[in-house]
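Written below as structure tokens is the structure these notes are about.
The values are calculated or read from the model by the stated rules, or taken from the named source; none is laboratory data. Because the structure is predicted, anything quoted here is derived from the model rather than measured. All Cβ positions, even for glycine, are placed from backbone atoms using ideal geometry, and neighbour counts span all protein chains on display. Just the protein is used for accessible areas: all its heavy atoms, side chains included, with ligands, DNA and RNA removed. Shrake-Rupley method; radii C 1.70, N 1.55, O 1.52, S 1.80 Å.
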Amino acid sequence: MPLALLALAVSAFGIGTTEFVMMGLLPDVADDLGTSVPTAGYLVSAYAIGVVLGAPLLTALGSRVPRKRMLLLLMALFTVGNLASAFAPGFGWLIAGRILAGLPHGAFFGVGAVVAARLVADGRRARAVATMFLGLTVANIVGVPAATLLGQHLGWRATFLVVALIGLGAMAALARLVPQIPVEAHQDVRRELRALGNRQVLLGLLTAVFGFAGVFAVYSYLSAMTTEAMGFGESSVTLVLALFGIGMTLGALAAGPLTDRALRPTLYGSLGALAVVLVVFPFAAHVRWAALVMVVLLGGVGFMTTTPLQMLVMNKAKDAPTLASASNHSAFNLANAGGAWLGGVAIAAGWGWTSPALVGAVLAVAGLAVAVTAGVLDRDRTPSTVVARARNAPTADGQNQARPAIEDEPSAGRARSRA
């Protein structure tokens, strides 16, 4: 794998750390800023709002910016957002800092996924994208627990300062390791928007909203489930969260080669397995060893859905995959917000601490239904790729001549060779 993928993974590590660490810092932030924990919970939503708004907006604004420069600009904005959070004088300013830090999230992964796919041969594209996402999963094993521990001992502001330093390190890695990749000659905002209106792209985004909401219905309340349902002490919460992160990493590692081999079957299988795990979860939660196994499985099958969904929208968007890829992360964050809300409704209704798992199972089945419907409706049986695709174009003498769709610039081949 090219070293440029390492730079993308380091960037993803920083983004994943700042996205999820707030869940562990809410009590500290609430106490320091003189507000309640539920009110401090708006800081989680603020980041998600930034992702949802920033993914399509920044991707569209940067549609003509060379890919490497775009990645550096997005990581710079991420770093500024975390610095603003660290020095926020009050709760309102911290909300603004969280929104600012979330703005580049979706656009970065959208552009990064396209860059990762262009760095490798056709048959390894999904593995390359999954390698970038490994940074996100490792953040949940190492970054989030370590950042939470740091915030508890040195103050929550120190956490965001460290994340800003990670952002600076990621920028240095991107500048050094990612080759120059020009914008495709045919790419523009109107083409990207038309690609986003493709029925298969929309169904892929809808699959992400429903399917991944099933994961977040449980993950959002995993800390409370650890103490209230599984019977562990508060000191074990970090361990349980790390086990979830280990599952995420294993799922990402498995998803890459499986998606390269069979995209839709991998998506169907992961969503079906997610539904099964969520149904079993409430029954296993009261047996400690079984509960820990289910946490790992939940992270594994849940995150196994991300790579096939990412590749699906990129493939179906064809000539303009960047906006569709970025919008996929908006869909994931809508899933985050929706799953957490529905899981909270179940708990508030008195159904028990493990009831979000059953809510999640229903959501996973809904996601599977959308995915299967999309597969049935998909009548395009010709191969479509993001990296290199040939189309038959009639010539003046009536013959057909293949012409490249994306890698028609000589510099694209040179960029890959330098990686």
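So that you can scan it fast, the table gives a plain yes or no per residue for (1) crowded, with 18+ Cβ neighbours inside 10 Å; (2) of a type in the set (D, E, K, R):
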{"site": "5", "(1), (2)": "yes, no"}
{"site": "11", "(1), (2)": "yes, no"}
{"site": "14", "(1), (2)": "yes, no"}
{"site": "22", "(1), (2)": "yes, no"}
{"site": "26", "(1), (2)": "yes, no"}
{"site": "31", "(1), (2)": "no, yes"}
{"site": "46", "(1), (2)": "yes, no"}
{"site": "53", "(1), (2)": "no, no"}
{"site": "56", "(1), (2)": "yes, no"}
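Suppose we filter 134, 119 for residues that are under 12 Å from residue 16 (Cα atoms) and out of contact with any Gly (no Cβ under 8 Å at 6 or more places or on another chain); which single one remains?
Going through 134, 119 in turn, just one is under 12 Å from residue 16 (Cα atoms) and out of contact with any Gly (no Cβ under 8 Å at 6 or more places or on another chain): 134.
Right, residue 301: within 26 Å of residue 225 (Cα to Cα), among the β-branched types (Val, Ile, Thr) and open to solvent by 30 Å² or more (accessible area, probe 1.4 Å) or not?
It is false that residue 301 is within 26 Å of residue 225 (Cα to Cα), among the β-branched types (Val, Ile, Thr) and open to solvent by 30 Å² or more (accessible area, probe 1.4 Å).
When residue 43 is evaluated against the numbered criteria (1) in contact (Cβ under 8 Å) with a residue 40 or more places away in the chain; (2) within 22 Å of residue 133 (Cα to Cα), which criterion, by number, is the only one it fails?
Of the numbered conditions (1) in contact (Cβ under 8 Å) with a residue 40 or more places away in the chain; (2) within 22 Å of residue 133 (Cα to Cα), the odd one out for residue 43 is (2).
Does residue 244 meet the test of being more than 23 Å from residue 317 (Cβ to Cβ), buried (at least 23 other Cβ atoms within 10 Å of the Cβ) and aromatic (Phe, Trp, Tyr)?
Here the answer is yes, as residue 244 does meet what is asked.
For a quick check of your reading of the model, give me the residue pairs whose first member lies in region 330-351 and is farther than 27 Å from residue 110 by Cα, whose second is among the hydrophobic types (A, V, I, L, M, F, W, C), with beta-carbon atoms closer than 6 Å and at least 6 apart or on different chains.
342/217; 342/359; 343/217; 343/359; 346/359
Residue 96 - would you say it is in a helix (DSSP H, G or I), aliphatic (A, V, I, L, M) and either surrounded by fewer than 24 Cβ atoms within 10 Å (Cβ to Cβ) or over 12 Å from the mean Cα position of the chain (by Cα) (or both)?
yes
Yes or no: residue 275 surrounded by fewer than 18 Cβ atoms within 10 Å (Cβ to Cβ) and assigned to a helix (DSSP H, G or I)?
Here the answer is no, as residue 275 does not meet what is asked.
Pairs, please: C-beta under 7 Å, at least 6 apart or cross-chain, first residue within 20 Å of residue 377 (Cβ to Cβ) and in region 295-323, second among the aromatic types (Phe, Trp, Tyr)?
305/212
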